[in-house]
Amino acid sequence: MSKQLDAAQSMKQLQTDMHWKENIVYEIYVRSFNDSNGDGIGDLRGILEKIDYIADLGVTAVWLSPIFDSPNRDYGYDVIDYRKVHPEYGTMEDFDELLQALHDRGIRLVMEIVPNHTSSDHPWFQEALKGPDNPYRDYYIWRAGDGNGNPPNNWTSFLGDSAWKLDEESGEYYFHTYAAHQPDLNWDNPKVREEMANAMDFWLEKGTDGFRVDTANVLSKDMSFPDTDDTERLQGSGEHFYKNGPHIHEYLRELNDRVFSRYPVFTMGESSQVELEDVEKYTLPERRELDLILMIEASKICDDPQDMWQSKPWKLSHLKDIMRKWLKDLHDEAWIGLYLSNHDHVRMVSYLGDDVNHREQSAKMLAVFLMTLRGTPNLLQGEELGMTNAHFFNTIEDIKEQQALAYYNQRVNEQGEDPETILRRVLKKNRDHSRTPMQWNDEAGAGFTTGKPWQRINPNKSEINAAEQENDPHSVLNLYRRMIRLRRDHPALTLGTYEPILDDHEHIYAYLRETDEESWLIVLNFSRTATQVELPSDVRARLSDADCAICSDESKLKDLSRGSAELAPYAYFVFKLG
Ligand code: NOJ
Ligand code: CA
């Protein structure tokens, strides 16, 4: 039997006509999950050691952050070999063992693939640097400057510098959407498309179940590279010329024809700056591009659009508007993935919740929220414990991630701004908040490592850790397990319509999830104060207190089923309606 069929066989129990909709995904940020050999860096054998923990969560898929060989300036989003496991993370044998162990437990393995750019240390780029005649030159995007010593246009990268870097040797500039050490591949070159399809094929042939496709909607650029008038914007200006660009659908369709359609594959496209019609084009099944687009908007709710390092307050009405768009207005057959936290954002219990006075309760409320929305949920490691932001970071030395360091460097060292102000911003929003090591227990290394961890461990490991929560039936962890089970057992929570109610309420977020067979009502208090709620009479008529599947406070059930109650901060109720 071919490997392809083997894989299909072992995953049979998970295969349904709509498996991409039914998945519940657990994001493992490998570097911070579990270190098996004491070097302070999480690794594949570390994941193997925790395989039963993962299975007990009930998730149906694991998405691994990038594990390919890389100089790690962007922790694996800067690849030098698309077919090699980074030695820090283990060997190909470790990978095969992990894949098998997950499959034995009916869990898919989704790899991160980074098709838009390589590391500048990748052999292709090193060849390309040899000059315009090198066969690899056209793997990347090169242009002459404007003749006055300036780059070809005025776009900025997502790190806030010019999106072009001069190669002194040839006098030409190359294009980089992200850092200068992450040169963009030229997807208009058929050889690049073939290389990337072959790399994906390599992993699928091993039995891997799919990909989170990094920055899936930026592969095709407007190659005339016009200047942008979006100059107020500090990071990623000009992006409307390359997000959802001229050939993007053609290239994704080509990948699907060449690769995805040949395997029982699950594909999640990471994409920002998408509107309804874009997502419909990417995900309508008959168009054969991707299974879903990961919806980023909710996790950016606190970002100032002109400068992502400046925060703005968030409002529940804004969150509701975002969800209405993606869960209700999107075409029925199109599909999104949803997350509250991932490795690129702050931890949402610290932002949408209250990690000071109501940490446990707000983490639970967010668990209920994530697991009852329409869209494939993605859960970041540690979210199931209610892990928080790293409030203990206090110097720039605590920060390891490149975006924050680049911002600090530009503002303080190049532009001479006040270091305290910039540090405050960076400490608030950096991506390391979600990358601190997993808190397995309250030992010195949090059960993550016996060595010196690559990133500092949150001292709140003594209150927040998996060992403690394991046997507490009321822990955040056990609520996640129950919510995941509930979602898996009741298709209406996955496939049902999403109908918001009480839309104008400032604190209460309530909605119905319905199919012909089942109806669910979810009522959440998104506020740190007790809040009065009055349910609409038609909903009340269908409600009985006996039908609460999951609730934070049974003493309120009678009042709620009569239609009106005062809900405690971050209260949550999931009712099955008659
Ligand atoms: C999105 C990834 O999630 C992020 O971590 C990375 O830095 C950029 N894409 C660039 O690859
Ligand atoms: Ca290790």
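Numbers below:
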| quantity | calculated |
| --- | --- |
| Test result for Tyr136, surrounded by fewer than 23 Cβ atoms within 10 Å (Cβ to Cβ) and in the same structural domain as Val25 (by TED's automatic domain parsing) | no |
| Options Asn378, Asn389: the member that is without any contact (Cβ under 8 Å) to a residue 60 or more places away in the chain and within 30 Å of Ile336 (Cα to Cα) | Asn389 |
| When residues of the range 326-347 are limited to those that are out of contact with any helix residue (DSSP H, G or I) (no Cβ under 6 Å at 6 or more places or on another chain) and open to solvent by less than 40 Å² (accessible area, probe 1.4 Å), the one farthest from ligand 2 (Cβ to nearest atom) | Leu327 |
| Residues that are more than 21 Å from Lys461 (Cβ to Cβ) and open to solvent by 20 Å² or more (accessible area, probe 1.4 Å), drawn from the range 20-48 | Trp20, Glu22, Arg45, Leu48 |
| Cross-chain or 6+ apart pairs with Cβ under 8 Å, the range 469-491 first and within 16 Å of Tyr53 (Cβ to Cβ), then part of a loop (DSSP other than H, G, I, E, B) and open to solvent by less than 70 Å² (accessible area, probe 1.4 Å) | Gln469/Ser475; Val476/Gly386; Asn478/Asp472; Arg481/Gly58; Ile484/Ile24; Ile484/Gly58; Ile484/Val59; Arg485/Gly58 |
| Lone unmet requirement of (1) away from ligand 1 (no atom under 16 Å from the Cβ); (2) surrounded by 18 or more Cβ atoms within 10 Å (Cβ to Cβ); (3) on the phi > 0 side of the Ramachandran plot for Gly131 | (2) |
| Qualifying positions in the range 465-484 - modelled with pLDDT of 95 or more and in a loop (DSSP other than H, G, I, E, B) | Asn465, Asp472, Pro473, His474, Ser475 |
| Total residues in the range 159-180, condition open to solvent by 30 Å² or more (accessible area, probe 1.4 Å) and in a loop (DSSP other than H, G, I, E, B) | 6 |
| Of all residues making up the range 511-535, the number that are part of a strand (DSSP E or B) and more than 21 Å from Gly353 (Cβ to Cβ) | 7 |
| Residue list for the range 348-364, filter: assigned to a helix (DSSP H, G or I) and either crowded, with 23+ Cβ neighbours inside 10 Å or polar (S, T, N, Q) (or both) | Met348, Val349, Ser350, Gln361, Ser362, Ala363, Lys364 |
| Matching entry among Asp56, Asp94, Asp74 (being at pLDDT 95 or above, open to solvent by 10 Å² or more (accessible area, probe 1.4 Å) and within 16 Å of ligand 1 (Cβ to nearest atom)) | Asp74 |
| Sole exception among (1) within 16 Å of ligand 1 (Cβ to nearest atom); (2) in the same structural domain as Gln410 (by TED's automatic domain parsing); (3) open to solvent by 20 Å² or more (accessible area, probe 1.4 Å); (4) under 22 Å from Tyr140 (Cα atoms) for Met223, by number | (1) |
| Count of the range 429-441 residues which are outside any helix (DSSP H, G or I) and open to solvent by less than 10 Å² (accessible area, probe 1.4 Å) | 6 |
| The listed residue being crowded, with 17+ Cβ neighbours inside 10 Å, modelled with pLDDT of 95 or more and more than 16 Å from ligand 1 (Cβ to nearest atom), out of Asn413, Asn460, Asn394 | Asn460 |
| Filter result for Ile54 (of a type in the set (Val, Ile, Thr) and either in contact with an Asp or Glu (Cβ under 7 Å, 6 or more places away or on another chain) or within 11 Å of ligand 2 (Cβ to nearest atom) (or both)) | no |
| Enumeration of residues in the range 59-71 that are out of contact with any Lys or Arg (no Cβ under 7 Å at 6 or more places or on another chain) and either open to solvent by 10 Å² or more (accessible area, probe 1.4 Å) or at pLDDT below 95 (or both) | Pro71 |
| Qualifying residues in the range 488-545 (those that are surrounded by fewer than 20 Cβ atoms within 10 Å (Cβ to Cβ) and of a type in the set (Lys, Arg)) - the one farthest from Met18 (Cα to Cα) | Arg528 |
| Cross-chain or 6+ apart pairs with Cβ under 6 Å, the range 33-57 first and assigned by TED's automatic domain parsing to the domain that holds Leu102 and under 17 Å from Phe68 (Cβ atoms), then within 16 Å of ligand 1 (Cβ to nearest atom) and in a helix (DSSP H, G or I) | Ile41/Arg31; Gly42/Val30; Gly42/Arg31; Gly42/Ser32 |
| Tabulated pairs, the range 70-98, first under 18 Å from Arg45 (Cα atoms), second outside any helix (DSSP H, G or I) and away from ligand 1 (no atom under 16 Å from the Cβ), C-beta under 6 angstrom, 6+ apart or interchain | Glu88/Ile41; Tyr89/Asp43; Gly90/Asp43; Met92/Val85; Phe95/Val85 |
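Table: residues versus (1) open to solvent by 10 Å² or more (accessible area, probe 1.4 Å); (2) modelled with pLDDT of 95 or more; (3) of a type in the set (D, E, K, R).
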{"residue": "Leu379", "(1), (2), (3)": "no, yes, no"}
{"residue": "Ala406", "(1), (2), (3)": "yes, yes, no"}
{"residue": "Glu443", "(1), (2), (3)": "yes, yes, yes"}
{"residue": "Thr450", "(1), (2), (3)": "yes, yes, no"}
{"residue": "Leu486", "(1), (2), (3)": "yes, yes, no"}
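The values are calculated or read from the model by the stated rules, or taken from the named source; none is laboratory data. For clarity, every value in this text was computed on a predicted model and none was experimentally measured. FYI the Cβ positions are ideal-geometry reconstructions off the backbone, even for glycines, and counts take in every protein chain you see. Protein only, heavy atoms only, side chains kept; ligands, DNA and RNA dropped before computing areas. Shrake-Rupley method; radii C 1.70, N 1.55, O 1.52, S 1.80 Å.
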